[in-house]
Amino acid sequence: MIHYFLLNKTKVVISVSDVMATLVKNNEELVKQLAQANRQVDQLHQEITYLNELIAEMNRKLFGKSKEVIPDQDGQLSLFNNGNEPATPAQDEPVIEVKNYRRKAKGTKADKLAKFPVEQIEKELLISERDCQHCGVEMTDMGSIPIRSELAFIPAKITRLIYNQHSYVCKHCEQQGITSIKK
Ligand SMILES: [Zn+2]
């Protein structure tokens, strides 16, 4: 079978076998490219696995976690043992001899964490949740304290997430000598 195409007003004859040959060649090229892309995906998966293990290892070194690191509900690795509990010093922190007693070297953990960029996550009450449980008046933000810190692996960057828990006081109750605080 012969197909005819008009090109620049000249009748061009293209045989089906020529078209087939071109398609087969293109297909071979695409198969090669796909195999290469698959190899890259495998390599990236290995890198992600390695980085996740690296983060778990850093958590152990920085916070002395003996147990397996369990991702929390956000799917991130928690650097504190238990939400509000402060982390314990790492087991392998250098110990400095000071006269008759030994103490852990200070600032090591902070120094290690300092190299990562920080992102603050404000855990605030919804406006609808800020009403005083005693009198119903909207409470005032007293400020926040960090309750949790974790390293998050975001492709191409590691960010230090700091969660600040806000507390609220009722100024209305305060004026009447009643302490009314919410978190
Ligand atoms: Zn109140």
Near pairs, Cβ below 7 angstrom, 6+ apart or cross-chain, from the range 129-148 (farther than 15 Å from Gln175 by Cβ) to any residue that is away from the ligand (no atom under 11 Å from the Cβ) and not in a strand (DSSP E or B):
Ile147/Gly83; Ile147/Asn84; Arg148/Ser78; Arg148/Phe80; Arg148/Gly83
Which of the following residues is modelled with pLDDT of 70 or more and within 16 Å of the ligand (Cβ to nearest atom): Lys123, Lys112, Lys171?
Lys171
Looking at the range 126-145 only, could you name the residues that are surrounded by 15 or more Cβ atoms within 10 Å (Cβ to Cβ) and more than 16 Å from the ligand (Cβ to nearest atom)?
Ser144
(1) surrounded by 15 or more Cβ atoms within 10 Å (Cβ to Cβ); (2) over 30 Å from Arg60 (Cα atoms) all hold for Gln175 apart from (1)
Any residue at all in the range 147-167 that is part of a loop (DSSP other than H, G, I, E, B) and either away from the ligand (no atom under 16 Å from the Cβ) or in contact with an Asp or Glu (Cβ under 6 Å, 6 or more places away or on another chain) (or both)?
yes
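The values are calculated or read from the model by the stated rules, or taken from the named source; none is laboratory data. The shown structure was predicted, so the numbers you read here are calculated from the model rather than taken from an experiment. With ideal geometry, Cβ positions are generated from the backbone for all residues, glycine too; neighbour counts draw on all protein chains shown.
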